[in-house]
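Data first, discussion second: the structure below is written as structure tokens.
The values are calculated or read from the model by the stated rules, or taken from the named source; none is laboratory data. Here the structure is a predicted model, which means the values were calculated and not measured. Methodologically, a virtual Cβ is constructed for each residue, glycine included, from the backbone with ideal geometry; neighbour enumeration extends over all protein chains shown.
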Amino acid sequence: MKLAFLIEHPAFSITFTVLAYALAIMLHHRWRWIPPIVVACIPIVALLLLVHEPYAQYNLGGNLLTWLLGPATVALAVPMYRHGVHLRRSLPTLALIVLAGSVVGMVTAGVTAWLLGAPLPVIMSTVPKSVTTPIAIEVSRELNGIPQITIALVILAGVLGASFGVPLLRLVGVREDRAIGAAIGSASHGVGTASLVQHSEMQATVSSWAMAAAGVFTSLLAALLKLFLR
């Protein structure tokens with residue numbers, strides 16, 4: 001009972017979340033294959049299951065950490081400024097790559113849901129899963145999807161990209177910084193982009209631009225899809 005009372009206090013959830021992530025980072029430094037975001041979730045989920053406390057109550061403190069995502073996302077513009085000249089030279093090629101990535105991401109998500117027998121609202125909910133949450137929610141609403149499903153898929157795409165994106169790309173032979181940045185930014189939005197800062201500033205630069213461009217392309221493509229569905 002006392003533990004449940006503590007969890008209801010925002011200061012506890014903030015402290016516990018930060019400590020869980022710090023522990024995950026320490027383990028990641030020791031064993032590089034360990035994904036910090038996934039590992040940090042384990043003690044939090046275990047605690048909530050142990051005390052039978054709803055996540056909404058625990059997240060009262062997490063809302064403050066979520067608010068900090070805004071300044072953190074804006075801070076991603078710093079590497080873009082530092083590498084602006086190199087980025088400008090590659091913009092036409094990067095634009096085509098991100099456009100292709102946006103199309104593939106939307107089509108594969110929708111087709112997979114359709115093949116699994118999902119109803120149309122669920123299919124439409126999967127379409128914007130690769131862009132940042134505010135854009136994904138609006139696109140989902142425009143397509144008559146279910147925003148709650150979209151949010152869950154956006155979080156999943158970000159966590160998977162941040163945890164396994166770079167190793168998977170290297171496994172298939174993609175090693176150039178701009179290519180990695182374009183792939184992660186197109187598929188895993190801000191969460192994936194933030195994970196690249198510790199690997200390469202150039203990767204983070206390209207990923208930041210790709211994340212913004214993917215949001216624009218997805219919104220435009222969703223508008224065309226809506227016209228097609230009428």
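Restricting attention to the range 208-230, the residues being under 11 Å from T132 (Cα atoms) and assigned to a loop (DSSP other than H, G, I, E, B) number 0.
Flag not set for G101, criterion: assigned to a helix (DSSP H, G or I) and free of Cβ contacts under 8 Å to residues at least 40 places away in the same chain.
Within the range 119-138, residues that are within 15 Å of A223 (Cα to Cα) have Cβ atoms under 8 Å from residues that are surrounded by 20 or more Cβ atoms within 10 Å (Cβ to Cβ) and aromatic (F, W, Y) in no pair, counting only partners at least 6 apart in sequence or on another chain. When restricted to residues that are of a type in the set (V, I, T) and assigned to a helix (DSSP H, G or I), the range 170-207 contains 6. Applying the criterion of being crowded, with 17+ Cβ neighbours inside 10 Å and not in a loop (DSSP other than H, G, I, E, B) to the residues of the range 123-137, the residue that is modelled with the lowest pLDDT is T133.
Hey, does the range 25-37 have a residue that's aromatic (F, W, Y), out of contact with any strand residue (DSSP E or B) (no Cβ under 7 Å at 6 or more places or on another chain) and at pLDDT 85 or above? Looking through the range 25-37, none of the residues is aromatic (F, W, Y), out of contact with any strand residue (DSSP E or B) (no Cβ under 7 Å at 6 or more places or on another chain) and at pLDDT 85 or above.
Of the listed requirements (1) touching a residue at least 40 places away in the same chain (Cβ under 8 Å); (2) among the aliphatic types (A, V, I, L, M); (3) within 22 Å of A100 (Cβ to Cβ), L196 misses just one: (1). Residues in the range 142-162 that are in a helix (DSSP H, G or I) and more than 19 Å from the chain's Cα centre (by Cα): E142 alone.
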